[in-house]
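Take a look at the structure set out below.
The values are calculated or read from the model by the stated rules, or taken from the named source; none is laboratory data. Just so it is clear, the model here is predicted, and its values are computed rather than measured. Note that each Cβ is placed from the backbone with ideal geometry, even for glycine, and that neighbours are counted across all protein chains shown.
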Amino acid sequence: MSKRIVRDRCWAALIDVQEFFLSAVADRRSGIEGNMANFARLLGCFQIPIVATLERPIERKGGLPKALKSELDGRAEFFEKDFFDLTKEKAIRNYLRRLKKKQVIVAGCETDVCVLQSCLGLLDLGYEVYVVEELLFSASPNVDAALARMKNVGAIFLTYKTLYYELTEAVDGVPLPDDLPDEAV
């Protein structure tokens, strides 16, 4: 059976998009921040719950970029975490249980650490995991092994454009803002 994202059965995980990690990808930072803000806007149009994580210590790793934070304010639940795998945090697990949604759309960093370990944890808990490939980043230039591992254990990879149209469902689907791009940059 094919797996599709169903708007009322999903939530999104935005993992550790923080100053510390963004500074390691300075050459791509502007595009990453824009894509993440558009991702948050897209999810907001469909009222999809968002869990945004921040890795501790916040004083050293920083918060979310200003534009992304403003898109998420009022739309996301924010959690600080000590574990690389967000499912190891009791407060996050409790929140996810209350959501009662078994599909998750994943974006963030670092691909080969927190994203990988969170995807493994989510799959272990029985979630259908959808990873938006252009919305991943890492300081490491080689994340191929992490991507292969996520795919091998059942994470489903898609593009931002695929997500955009899968959520919209039809030509006359949910009206979206004219300035919301249907592709990542």
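Take Glu55 and tell me if it is over 18 Å from Tyr130 (Cα atoms) and surrounded by fewer than 18 Cβ atoms within 10 Å (Cβ to Cβ). Spelling it out, it is not the case that Glu55 is over 18 Å from Tyr130 (Cα atoms) and surrounded by fewer than 18 Cβ atoms within 10 Å (Cβ to Cβ). Considered as a group, the residues in the stretch 166-185 that are among the small types (Gly, Ala, Ser) and free of Cβ contacts under 8 Å to residues at least 60 places away in the same chain include one that is nearest to Arg4 (Cα to Cα), and that residue is Ala170. A Cβ distance below 8 Å, combined with a sequence gap of six or more or placement on separate chains, defines the contacts here; from the stretch 14-31, residues that are basic (Lys, Arg) reach residues that are modelled with pLDDT of 95 or more in the pairs Arg28/Phe137; Arg29/Leu22; Arg29/Ser23. If you go through the stretch 1-33 and pick out every residue that is buried (at least 16 other Cβ atoms within 10 Å of the Cβ) and assigned to a loop (DSSP other than H, G, I, E, B), you end up with 4. Can you confirm whether Leu147 is more than 24 Å from Leu99 (Cα to Cα) and part of a helix (DSSP H, G or I)? Spelling it out, Leu147 is indeed more than 24 Å from Leu99 (Cα to Cα) and part of a helix (DSSP H, G or I). Can you find a residue that is at pLDDT 95 or above and more than 17 Å from Asp16 (Cβ to Cβ) anywhere in the stretch 54-64? No, the stretch 54-64 contains no residue that is at pLDDT 95 or above and more than 17 Å from Asp16 (Cβ to Cβ). Within the option set Lys151, Lys100, being without any contact (Cβ under 8 Å) to a residue 24 or more places away in the chain, touching a strand residue (DSSP E or B) at 6+ places or on another chain (Cβ under 9 Å) and basic (Lys, Arg) holds for one residue only, Lys151. Each residue in the stretch 104-143 was checked for being surrounded by fewer than 22 Cβ atoms within 10 Å (Cβ to Cβ), in contact with an Asp or Glu (Cβ under 6 Å, 6 or more places away or on another chain) and either free of Cβ contacts under 8 Å to residues at least 12 places away in the same chain or not in a helix (DSSP H, G or I) (or both), and 3 pass. For the stretch 144-157, filtered to residues that are closer than 20 Å to Arg28 by Cβ and touching a Phe, Trp or Tyr at 6+ places or on another chain (Cβ under 9 Å), the residue that is surrounded by the most Cβ atoms within 10 Å (Cβ to Cβ) is Leu147. Number of residues in the stretch 167-185 that are touching a strand residue (DSSP E or B) at 6+ places or on another chain (Cβ under 8 Å) and hydroxyl-bearing (Ser, Thr, Tyr): the value is 0. Of the residues examined, Val51 is not one that is within 12 Å of the chain's Cα centre (by Cα), modelled with pLDDT of 95 or more and in a loop (DSSP other than H, G, I, E, B).
Once the stretch 84-103 is narrowed to residues that are touching a helix residue (DSSP H, G or I) at 6+ places or on another chain (Cβ under 8 Å) and not in a helix (DSSP H, G or I), the residue that is surrounded by the most Cβ atoms within 10 Å (Cβ to Cβ) is Gln103.
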